[in-house]
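J.: Sharing a structure here in structure tokens format.
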Amino acid sequence: MSLNIIVLVKQIIDIDQIRNDPKTGEPLLQNIPLRIENLSKNAIEAAVQLKEKNGGKVVCIIFGTDRSNAAMKEAYAMGADEGYIITGYSGNNPYRTAKVISGKIKALGNNSVIIMGNQSADSYTGILPGLISAMLDVPLLGNAVSIEAAGEVLKIRRVLDESDEIISSGAPCVISVTQEINQPRLPPVLQIMAAGRKPINIEQAESDGTPVPRVISNLAPKSERKREIYEDIDKGVDAASRAIRGEIR
Amino acid sequence: MKFLLFADDAKSLSGLATRFREDGEVQAVTVESEIEQCQNYGIKKLYGLKGKAFADNVSLAISGMDLQSYDLIVISSSPLGREVAGILSGKLNFPCMTEVFEISFSGGKMITKRFFFGGKTIMQEESSSKIITVTPGSFDSSPGDNTAEKETIDLGDSRVSLLEVKPKEKSSTNIENASIIVSVGRGIGKKESIESIMPLVEATHGELAGSRPVCLDYKWLSEERQVGLSGKKVKPKVYIALGISGQIQHIAGMRGAKIVIAVNKDKDAPIFQECDYGIVGDLFQVVPKLVESLRK
């Protein structure tokens, strides 16, 4: 069976480049570039590998902004066949994100599997796989470290705290992947160039009335550590040893 | 207020029960194997789910309860818990607040705190969410003054089939409960070098832990020993960070430690901003000296 694979790609602000204002503790977000969330790359890679093995096509969806073209081109360069950017993302509202994306997935129709990361690196919400599975009313195979397709059946292996499991369900279904599933490919230059010429479909999301939490503050956590730093190892060992003994007793 | 809690492990559920009984009546749902260990934490009614738990059949069982009668559904953020929270949020049209580690109620308002921007900031929000997920380890547990009334709910069939299970060997590790943790980072260099850290683990009666690269990328330690935003959140009395640079995701996992000791060759390593006692030097020189000093 050839697979119609949908991949949900998330674009985030490059959190590794964020610095906090040392005086106010406020994150300095100006001029920080966007990047594809790492787990989304694992999801794209998993989808492209499935396609290479079983045939079919990979369609990426980004709920983003007018700055999302670069992320889609990267997905194309990795092997995605088609891409939709839905603009109007305002962040931090997984319920609305799931509504917009599942609406698009329904409109596309005829899907075998929807693949996404299990948790994103910026806020770690981790509830999107469940939301999408509920809104599409399809089974969820969560936290995959490998995926196999056989006919109309999708099979994943997952690693839980107490056991390793292989679980399966019929298509269509939602699969969330973990970082361990693969090493996302670095596309060759020719593919990157070809990706630049490939058309991207852009649509506008309708706004809706989902209540959004009111942010009271968003600041760097205050550290009240002593910060006694020793470059003389022996003195440092003395201080550390005293502190440890004080607590062991 | 009236709360419905869900956690698939007894430790998280007893912590949640201890926290939420302060603000009202607590009822809870867990898997059958955990019931006995959760009955004495002030939970009024405790439902045990019987059968293999998947996200869909657990969500169905919970949504079959009279959810309108609860002010808030609180779910422990385990892999199963996050999936269940997402499905309930989608099915019931309740927005969900996630990864909460602190919560308060005043004047009918709920105020929550969670990490944002990968742990660089703490976001404090006021919301009308009906469901929240809570980061495991956020609340300590202490016994309450009643025994829960128990009821079993049979789980229905899942649309997911279980084809194969390989139980892992039950490890005795539980770094979340450790009072001293010796944690190693990339600076340890190779797996074999972990041996040379063991005398310090023994001298402190501590538990061994590691950073994300050590546990997940290089697999020098097992995953259950990973400290960090994506791993375990720990709060020992003493946290000894060896060769850990101190990426913010790691700090978010050990911020609850009472005393932090850091050893690193690089004096500009961010871990020195987040420690009480820092030693700039080679950990293979420092560790034996520390062991010797502790044994005196």
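J.: Using the Cα atoms of region B:41-88, I'd like the radius of gyration and the largest Cα-Cα distance, Dmax, both in angstrom.
T.: Every Cα atom of region B:41-88 included, Rg and Dmax give 11.1, 28 Å.
J.: Choose one answer from A:198, A:222, A:104: the residue with the largest mean-square fluctuation in a GNM of chain A with alpha-carbon springs under 10 Å.
T.: The residue with the greatest mean-square fluctuation here is A:222.
J.: Return B:18, A:210 ranked ascending by Cβ neighbour count within 10 Å, so the fewest neighbours appear first.
T.: A:210, B:18
J.: Can you pull the semi-axes for region B:2-154, root of five times each eigenvalue of the Cα gyration tensor, sorted largest first, whole Å?
T.: 22, 18, 15
J.: Considering the dipole of region B:175-295 built from charges on the beta carbon (Lys and Arg +1, Asp and Glu -1) around the Cα centre, which of B:205, B:243, B:226 is farthest to its positive end?
T.: It is B:226.
J.: Write down the Å³ per residue value for the convex hull defined by the alpha carbon atoms of chain A.
T.: Spelled out: Cα convex hull of chain A, divided by residues, is 204 Å³.
J.: On to the next question. Is it possible to state the helix-based mean residue ellipticity at 222 nm for chain B, with each DSSP H run of 4+ residues giving -39500 (n - 2.57), the sum divided by total residues, to the nearest 500 deg cm²/dmol? What is it?
T.: -6000 deg cm²/dmol
J.: What's the average, rounded to a whole number, of partner chain beta-carbon atoms within 10 Å of each residue's beta-carbon in A:113-121?
T.: Taking all residues of A:113-121 together, the mean is 2.
J.: Less than 26 Å apart at the alpha-carbon level, and either on another chain or at least 8 residues along: which lysines does that give for residue A:222?
T.: Once the sequence-local lysines are set aside, what remains near residue A:222 is A:23, B:109, B:113, B:120, B:232, B:233, B:235, B:237, B:258, B:265, B:267.
J.: Something else about it: Taking amide H atoms as placed 1.01 Å from N in the peptide plane, list the residues 5 or more away in sequence, or in a different chain, whose amide H sits under 5 Å from that of residue B:49.
T.: Close amide H contacts, sequence-distant or interchain: B:30, B:31, B:32, B:153.
J.: Let me ask something additional. Using only alpha carbons, build the gyration tensor for region A:1-83 and give me the equivalent ellipsoid semi-axes, biggest first, whole Å.
T.: Whole-Å semi-axes of the equivalent ellipsoid: 33, 11, 8.
J.: Another question, then. Evaluate the Kirkwood expression for the hydrodynamic radius of chain B, namely the inverse of the mean inverse distance over all pairs of different C-alpha atoms, and round to one decimal in Å.
T.: 20.7
J.: Measure of size requested: the Rg and Dmax of region A:51-106, with Cα atoms as the atom set and Å as the unit; please supply both.
T.: Every Cα atom of region A:51-106 included, Rg and Dmax give 12.5, 37 Å.
J.: Using a 10 Å cut-off around each Cβ, can you sort A:161, B:9 from fewest to most neighbouring Cβ atoms?
T.: Sorted ascending by nearby Cβ count, the order is A:161, B:9.
J.: Let me ask another. Helix A:94-108: angle to the longest alpha-carbon principal axis of chain A, degrees 0 to 90, nearest 10?
T.: 20
J.: What's the Cα-based Rg to Rh of region B:73-150, Rh via Kirkwood?
T.: Taking Rg over the Kirkwood Rh, I get 1.00.
J.: Something else now. Mean 1/r over all different Cα pairs, inverted: what Kirkwood radius does region B:175-295 give, in Å?
T.: Evaluated on region B:175-295, it is 13.7 Å.
J.: Go ahead and run the numbers for FRET between residue B:186 and residue A:30, Cβ-Cβ distance against an R0 of 35 Å, rounding to 0.05.
T.: E between residue B:186 and residue A:30, to the nearest 0.05, is 0.65.
J.: Find the relative contact order for chain A and round it to a whole percent, using C-alpha pairs within less than 8 Å whose residues are 6+ positions apart.
T.: Value for chain A: 23 percent.
J.: Additional query: Kindly provide log₁₀ I(q)/I(0) values, in the same order as q = 0.06, 0.12 Å⁻¹, from the Debye equation applied to equal alpha-carbon scatterers of the protein assembly as shown.
T.: -0.30, -1.22
J.: Neighbour counts of other C-beta atoms within 10 Å: give me B:121, B:133 arranged from fewest to most.
T.: Least crowded to most crowded, the residues run B:121, B:133.
Bear in mind these aren't lab numbers, they're just calculated from the coordinates by the rules spelled out. Just so you know, these numbers come straight off a predicted model, no measurement behind them. Note: ideal-geometry Cβ built from the backbone for every residue, glycine included; neighbour counts use all protein chains shown.
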